[in-house]
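S.K.: To start, I am sharing the structure in question, which I have written as structure tokens.
Taken together, the values in this text are just the output of simple stated rules run on the coordinates, not laboratory data. Computed from a predicted structure; not experimentally measured. Positions of Cβ are generated from backbone atoms using ideal geometry, with glycine treated the same way; all protein chains shown enter the neighbour counts.
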Amino acid sequence: MKLSTSLVAVKKITSITPRSSFADNQLEQGANLILESEGVINPIVVRRTSLQSYEIVDGDFEYHAAARAREIDPRKGEMIGVFIIEDENEEVLTKQVELFRKSKSIISNNIASLSDSKEYTSTNMELRVTNTESRMNNIESHFDNRTIELRKEFRQEINNINERLKEIENRIPKPIEPLNALNNLSLPELTSKLRRVNVNQKIIESIVNERKNGDFKSFSNAVDRIKGLGDKTMLKIIDSLYESTI
């Protein structure tokens, strides 16, 4: 099992920890940083509540900061990087959350206690800061690379869908207006359409022969030019050609 982040819409995530639990100025700062970097350096951990919805397991502050980022800029703040707890990774992710995430407050308290007792030297502190920065840079690099990969995959999928839609569109017969049909359909095509409404074959042949002298400007023009073609028959022709364009 390879651990990797996923991009999830912020609006599909919920948190039982209220937004008021965090200082507004800190959330605002976090939101602006997320928008500037187009991502969060510390992906949150979520669990599915349905096929397209999630709840926070760890990372409530990051989530509320991302929600504020979405309020500021809905486009840039639409998605957030997450680790999703699934059946196949639940045990290992839960252990990591307990060890690496929820133990942070305990570690912080221990550091404060040791600092008060002057057991930590400045050298040790600088080393820890350096190690932390290195780990953060590694996480950021991994997340950026994964984000780039996902964007490429997303753009490729969009292109594939557009190509398939174009293919389908090209297969769909283009409708033709009734008067254009009268002027352009071949004798077999016109016969197929008009015999269904019992138009005399001689009338159909007369239509094809007469239009050699010039396209019909209107249906009434066709009635005037074709001997034996009356208004009632023309109405049946119009109805048949109109139905074939729907």
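S.K.: Please go through the range 2-54 and give me each residue that is part of a loop (DSSP other than H, G, I, E, B) and of a type outside the set (A, V, I, L, M), ordered by number. First the steps, then the outcome.
M.R.: The initial filter retains those residues of the range 2-54 that are part of a loop (DSSP other than H, G, I, E, B), namely 2-5, 15-18, 22-23, 38-43, 51-52.
2, 4, 5, 15, 17, 18, 22, 38, 39, 42, 43, 52, listed by residue number.
S.K.: List the number of the failed condition for residue 57; all other conditions in (1) part of a strand (DSSP E or B); (2) exposed (fewer than 14 other Cβ atoms within 10 Å of the Cβ) hold.
M.R.: (2)
For (1) under 18 Å from residue 146 (Cα atoms); (2) surrounded by 20 or more Cβ atoms within 10 Å (Cβ to Cβ), each residue gets a yes or a no:
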| position | (1), (2) |
| --- | --- |
| 19 | no, no |
| 24 | no, no |
| 42 | yes, no |
| 74 | no, no |
| 83 | yes, yes |
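S.K.: Taking the conditions exactly as written (surrounded by 20 or more Cβ atoms within 10 Å (Cβ to Cβ), under 17 Å from residue 144 (Cβ atoms) and of a type in the set (Gly, Ala, Ser)), does residue 31 satisfy them or not?
M.R.: no
S.K.: Restricting attention to the range 134-152, which residues are free of Cβ contacts under 8 Å to residues at least 60 places away in the same chain and acidic (Asp, Glu)?
M.R.: Of everything in the range 134-152, just one residue is free of Cβ contacts under 8 Å to residues at least 60 places away in the same chain and acidic (Asp, Glu), namely 149.
S.K.: Here is a further query. For the range 180-207, which residues satisfy the criterion of being in a helix (DSSP H, G or I), farther than 18 Å from residue 242 by Cα and not hydroxyl-bearing (Ser, Thr, Tyr)?
M.R.: From the range 180-207, those in a helix (DSSP H, G or I) are 180-184, 187-197, 201-207; that's our starting set.
Applying the additional criterion that residues be farther than 18 Å from residue 242 by Cα yields 201-203, 205-206.
If the condition is that a residue be in a helix (DSSP H, G or I), farther than 18 Å from residue 242 by Cα and not hydroxyl-bearing (Ser, Thr, Tyr), then 201, 202, 203, 205 are the ones that fit.
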